[in-house]
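Below is one structure, written out as structure tokens, with a few remarks after it.
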Amino acid sequence: MKTKVQIEDTYKTGLNLKRKISKIVNLLFENEEIKNNSAIKGFEAETLSFDVVFTDDDNIHQINKQYRKKDSPTDVITFALFADDDNKFMFDKTIELGEIIISVDTAKRQAKISLENEILILICHGILHLLGFDHLTDEDYNFVVGIQDSVISKL
């Protein structure tokens, strides 16, 4: 499956991640649980499309406050257009999954290996959300984190 990613780098990270993001998507779909339980199951898509926005703590704080009613910055927020909409829409064999917004400020603080590695972890986490995987329970959280750690280790 092809991946079409638009990256808006308002933070000016200078990172070139499109190839690695495509690889993340391919690695996710090598996992049977992802393939069989994602929001796109049953759709004959050729392309998955989504946006990634790099921003700062101030901007993500405002988004978090407005849309999630949480008055603090966070590392990643997703807007899952396809997974969260009952009227799933595909055009020209392309599914528009939604948007992943990442605070580079928070990613820098959280980074254990490098900023790029931390951002790739957050992108993988965001893609899982765009595909319909949430973590409202400890079991779901462990599943999502386990998958993202496995995928990132294969990059």
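The values are calculated or read from the model by the stated rules, or taken from the named source; none is laboratory data. Note that the structure is a prediction, hence the values are computed from the model and not measured. Don't worry about glycine lacking a Cβ; one is built from the backbone with ideal geometry, like all the others, and counts go over all protein chains shown. Heavy atoms of the whole protein, side chains included, go into the accessibility calculation; ligands, DNA and RNA do not. Shrake-Rupley method; radii C 1.70, N 1.55, O 1.52, S 1.80 Å.
With the crude spin-label approximation of a point 7 Å out along Cα→Cβ, what separation in nm comes out for Lys69 versus Asp86?
2.1 nm
Using a basic spin-label model with each label point 7 Å from the Cα along Cα→Cβ, how many nm lie between Asp58 and Ile113?
3.2 nm
Would you give the gap between the C-alpha center of the stretch 103-130 and the C-alpha center of the stretch 21-63, rounded to a whole Å?
For the stretch 103-130 versus the stretch 21-63, the Cα centre distance is 14 Å.
Based solely on its DSSP helices, what 222 nm [θ] is calculated for the chain when runs of n ≥ 4 H residues each add -39,500 (n - 2.57) and the sum is averaged over all residues, nearest 500 deg cm²/dmol? All intermediate terms of the calculation are to be shown ahead of the outcome.
Values: 6 runs with 69 residues, N = 155.
-13500 deg cm²/dmol, from helical runs alone.
What angle do you read, to the nearest 10 degrees and between 0 and 90, between the alpha-carbon axis of helix 57-68 and the longest principal axis of the chain?
Roughly 50 degrees, rounded to the nearest 10.
Which whole-Hz ³J(HN,Hα) couplings does the stretch 83-95 yield from phi under the Karplus relation 6.51 cos²θ - 1.76 cosθ + 1.60, θ = phi - 60°, glycine and proline marked x?
Karplus-based 3J(HN,Hα) across the stretch 83-95 equals 5, 8, 9, 5, 9, 4, 10, 10, 10, 6, 6, 10, 9 Hz.
Whole-Hz ³J(HN,Hα) for each residue in the stretch 115-126, computed from phi via Karplus 6.51 cos²θ - 1.76 cosθ + 1.60 with θ = phi - 60°, x for glycine and proline: what do you get?
Computed from phi, the couplings for the stretch 115-126 are 4, 4, 4, 5, 5, 5, 4, 5, 5, 4, 4, x Hz.
Among the GluC sites (Glu not before Pro) within the stretch 19-111, which fall in a DSSP loop and have no more than 15 other Cβ atoms within 10 Å of their own Cβ? Numbers along the way, then the final one.
Values: sites: Glu30, Glu32, Glu33, Glu44, Glu46, Glu96, Glu99; in loops: Glu30, Glu44, Glu46.
Here the GluC sites (Glu not before Pro) that fit, given the DSSP loop and packing criteria, are Glu30, Glu44, Glu46.
Of all beta bridges DSSP finds with both residues in the stretch 24-155, what is the antiparallel percent, to the nearest 5? List each step's numbers first, then the result.
Values: 7 of 16 bridges.
Of the beta bridges lying entirely in the stretch 24-155, close to 45 percent run antiparallel.
Measure nothing but the geometry: give the 0 to 90° angle between the long axis through the Cα atoms of 18-28 and the longest principal axis through the Cα atoms of the chain, rounded to 10°.
50 degrees
Can you give me the % of accessible surface on the chain that is carbon or sulfur? Probe 1.4 Å, all protein chains present, nothing else counted.
Numbers: 4000 of 8840 Å².
The C+S portion of the solvent-accessible surface of the chain is 45 percent.
Using only the alpha-carbon atoms of the chain, report the extent along each of the three principal axes, biggest first, to the nearest angstrom.
39, 33, 33
Using 0.36 nm times the number of residues separating Lys20 and Glu8, minus their current alpha carbon distance, what extension gain do you get? If you can, show how the numbers build up before the last one.
Numbers: separation 12, 0.36 × 12 = 4.32 nm, distance 1.60 nm.
Gain on extension, Lys20 to Glu8, equals 2.7 nm.
Would you mind checking which residues have amide H under 5 Å from Asp84's amide H? H placed 1.01 Å from N; only 5 or more apart, or other chain.
none
Remind me, relative contact order of the chain in percent, using alpha carbon pairs under 8 angstrom and six or more residues apart?
Relative contact order comes out at 25 percent.
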